[in-house]
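Peer 1: Got a structure here, written out as structure tokens. Questions coming.
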Amino acid sequence: MTDRCLILTHDGYPAAALGLLADAFGTVNWLRGAPAFTWVQAAAGADGATSYGGLSVPFRPLEAVADEPWDHLFVVVSFDPLTPATDERVVGLIRRAYRRGATVCGVETGAAVLAAAGLLDGGEAAVHWANRDGFSEAFPDVALSARPVARHQRCITCVGGTATLDAALLVIEGRLGRVAALEVAKHLNHVWPPRDPDAQGPRRAREPALDRALALMERHLEEPLSCAEIAARIGLSQRRMERLFRRALGTTPKGRYLALRLTRAQNLLQQTTLSVGEVATSAGFASFAHFARSYRAHFGLPPSRDREQKATAGAPRVFLDPAQTASDGAGLPDAPVEP
């Protein structure tokens, strides 16, 4: 028996996801010497789809696959998940496939399309870290998972990247068993199951006081704390906290806090229909004028002109653990902050 997979994409899709899915299913077919899985690629748009990196591969039109029986459906979306999530043809296809017993997988921001189809209500979803703010605003009844892959009934969601392969291996495990999935992972030089299942999003710095300060900032974006209050909560003087941020991150606590709030604002602008004023409030700005000035200084354009999530839009700021950029990979020094 051969399982039939539909890989449904939208313009601006992540090309790596298609390769990882094809390699996973191609490898298991090769290992078995028989086709356990076949797959078809289809595009939601009338003109097909091109990846955000410019890769274009053949796709079948949506209408040609809409009523076919599928065992597994992968919704592979990166930029602009709102368009397929509001396309009744796409949502209808997903609902029909699920009703007929298919496993439905959302890749990177594909969880938004599954949520729009009503398949994730009361469950949890794994969404690419840059889209978590918009997803929470649009689908408050779906919990955000801290893990790169999440399951809810017959739905699998993943944050994209190599987690796409993790999702494919779960499908293979469900069809052929754990040994088959482990064999595929070994041939693809992939550690599975993940050794660190909770790793998701930009890594934190390896300095406990800094880690606690950043966590406080992220929990209080809508109602910001003062830097003095953050310092008091983490057990440092404000002066010592300033030195810690400058040494570890090359910026001030105020500067990093502002960048976090503005990045949340950009996510909400691009991923929701909230008004610019509502976004400003949600990012902790009491003054709209202050918000507009800060946004322009940070992203190079006014917030009203940054409402589309696409490859040509301003990129969200990725706050890396300084250890990731250290040439020797040794991370932050172990010495405490000087008094």
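Peer 1: R0 = 35 Å: FRET efficiency of Ser304 with Trp30, Cβ-based, nearest 0.05? Write out the running numbers ahead of the final one.
Peer 2: On the way: r = 52 Å, r/R0 = 1.49.
Using R0 = 35 Å, I get an efficiency of 0.10.
Peer 1: Which percent, nearest 5, of DSSP beta bridges in the stretch 95-252 are antiparallel? All intermediate terms of the calculation are to be shown ahead of the outcome.
Peer 2: Details: 4 of 10 bridges.
Among the beta bridges of the stretch 95-252, antiparallel pairing accounts for roughly 40 percent.
Peer 1: Excluding Glu68 itself, what net charge comes from residues whose Cβ is under 12 Å from its Cβ, given Lys and Arg +1 and Asp and Glu -1? Mind dumping the intermediate values first?
Peer 2: Numbers: positive: Arg4, Arg60, Arg96, Arg100; negative: Glu63, Asp67, Asp71.
Spelling it out: positives minus negatives among the neighbours equals +1.
Peer 1: Can you sort Tyr13, Tyr295 by how many other beta carbons sit within 10 Å, fewest first? Let's see the in-between values first.
Peer 2: Working: Tyr13 31, Tyr295 27.
Fewest-to-most Cβ neighbours within 10 Å comes out as Tyr295, Tyr13.
Peer 1: Between Ala215 and Ser56, what FRET efficiency follows from the Cβ-Cβ distance if R0 is 41 Å, with the result rounded to 0.05? Please list the in-between numbers first.
Peer 2: Values: r = 42 Å, r/R0 = 1.02.
Efficiency at R0 = 41 Å is approximately 0.45.
Peer 1: Let me ask you something else. Given the Cα-Cα distance of Asp141 and Ala289 and 0.36 nm per residue of separation, how much length would full extension add, in nm? It would help to have the intermediate numbers written out before the result.
Peer 2: Values: separation 148, 0.36 × 148 = 53.28 nm, distance 3.29 nm.
Full extension of this stretch gives 50.0 nm more.
Peer 1: From the square roots a ≥ b ≥ c of the eigenvalues of the alpha-carbon gyration tensor of the stretch 208-325, which class results: rounded (a/c under 1.5), prolate (a/b over b/c), or oblate? Present the calculation step by step, with values, prior to reporting the outcome.
Peer 2: Numbers: a/c = 2.34, a/b = 1.65, b/c = 1.42.
Prolate.
Peer 1: Between Thr251 and Val191, what is the label-point separation in nm under the 7 Å Cα-to-beta-carbon projection?
Peer 2: Taking the two extended label points, one gets 2.9 nm.
Peer 1: Given R₀ = 25 Å, FRET efficiency for Asp47-Thr2 by Cβ-Cβ distance, to 0.05? Please report the intermediate quantities before stating the final value.
Peer 2: Values: r = 31 Å, r/R0 = 1.23.
About 0.25, to the nearest 0.05.
Peer 1: Antiparallel DSSP bridges in the chain: what percent, to the nearest 5? Mind dumping the intermediate values first?
Peer 2: Working: 4 of 30 bridges.
For the chain, the DSSP antiparallel bridge percentage is about 15.
Peer 1: Follow-up. Given the C-alpha centroids of the stretch 49-100 and the stretch 224-268, what is the distance between them in whole angstrom?
Peer 2: The distance from the Cα centre of the stretch 49-100 to that of the stretch 224-268 comes to 41 Å.
Peer 1: Could I ask something else about it? Only residues of the stretch 1-38 count here: report those whose backbone N is under 18 Å from the spot 7 Å along Cα→Cβ of Arg100, or say none.
Peer 2: Taking a point 7 Å out along Cα→Cβ of Arg100, the residues of the stretch 1-38 whose backbone N falls under 18 Å are 1-9, 37-38.
Peer 1: State, to one decimal in nm, how far the label point of Thr281 lies from the label point of Thr38, with both points 7 Å from Cα in the Cβ direction.
Peer 2: 5.5
Each value in this text was obtained by applying a stated rule to the coordinates, not by laboratory testing. Predicted, not measured: the structure shown is a model, and the values here were computed from it. Using ideal geometry, Cβ is built from the backbone for each residue, glycine included, and neighbour counts are taken over all protein chains shown.
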